[in-house]
1. Would it be correct to say that K122 is within 30 Å of E27 (Cβ to Cβ) and either open to solvent by 100 Å² or more (accessible area, probe 1.4 Å) or at pLDDT below 75 (or both)?
2. State whether one or more residues within the stretch 151-172 are touching a helix residue (DSSP H, G or I) at 6+ places or on another chain (Cβ under 8 Å) and either among the hydrophobic types (A, V, I, L, M, F, W, C) or modelled with pLDDT of 75 or more (or both).
3. Inspect all residues belonging to the stretch 177-194 and state whether any of them is at pLDDT below 70 and open to solvent by less than 100 Å² (accessible area, probe 1.4 Å).
4. Look through the stretch 86-104, keep the residues that are modelled with pLDDT under 75 and among the β-branched types (V, I, T), and return whichever of them is farthest from the chain's Cα centre (by Cα).
5. Select, from A60, A13, A21, A17, the only residue that is part of a loop (DSSP other than H, G, I, E, B) and either more than 19 Å from L76 (Cβ to Cβ) or in contact with a Cys (Cβ under 7 Å, 6 or more places away or on another chain) (or both).
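The values are calculated or read from the model by the stated rules, or taken from the named source; none is laboratory data. Remember, it's a predicted structure, so these values are computed and weren't measured experimentally. Backbone-built Cβ (ideal geometry, glycine too); neighbour counts: all protein chains shown. Side chains included, ligands, DNA and RNA excluded: accessible areas come from the protein's heavy atoms. Shrake-Rupley method; radii C 1.70, N 1.55, O 1.52, S 1.80 Å.
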Amino acid sequence: MTQAHDFWSRRKAAVQAEAEAEVIASEEQVIATQHAELEEKSDAEILAQFNLPDPDQLQAGDDVSGFMAKAVPDRLRRRALRRLWRLNPVLANVDGLVDYGEDYTDAACVIENIQTAYQVGKGMLSHIEALAAEAEEDTPEIEPLVDEGETPAAEEEPEVVPTPAPAQVAVAFTDEVDETAPQVAPRRMKFEFEG
């Protein structure tokens, strides 16, 4: 019985969702036709039809909820909200503490036709190599100082001296105190006060 109940409850919910979608679609269709009719009228005629005041003449404390109706065109709604924001000191005066009030896009600091040595995947490698090549060309070669009478000796390879293996040291830990080791007294601080 529970499977049948689940099926019918799901079916009932689906039918109800379809009915709601049809109602919303029909409302949107009506609003779209109203907006199409209102596009042909001037703003003054639309305001008279909906019994609304001129949005540019709104004063502080005036009710703007009439402009929020779905039938009112967006251009009039925006004019009313723009006027409301100018009148309200909380909305009109930004205090500078807005986190995202600045322009954080790259467009704010992009320089047109900027040239860079950076290459995708290679970074600045070729630029650094070119600078190193220039530095090598600019540095003069240093010749070793040789007396005129002497001929330079052939370079001899340095003599390789084998390093001895480290000696292994055995350390025994005991509880006995070595009497022959010098005893060092602990260091104490001395304070002197005037008076």
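1. In short, no.
2. no
3. For the stretch 177-194, residues at pLDDT below 70 and open to solvent by less than 100 Å² (accessible area, probe 1.4 Å): present.
4. Ranking the qualifying residues of the stretch 86-104, first place goes to V94.
5. When all the criteria are applied, what remains is A60.
Condition check ((1) at pLDDT 85 or above; (2) loosely packed, with under 13 Cβ neighbours inside 10 Å; (3) touching a Phe, Trp or Tyr at 6+ places or on another chain (Cβ under 8 Å)) across all residues:
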position	(1), (2), (3)
Q34	no, no, no
K41	no, no, no
N51	yes, yes, no
P55	yes, no, yes
Q59	yes, yes, no
S65	yes, yes, no
L84	yes, no, no
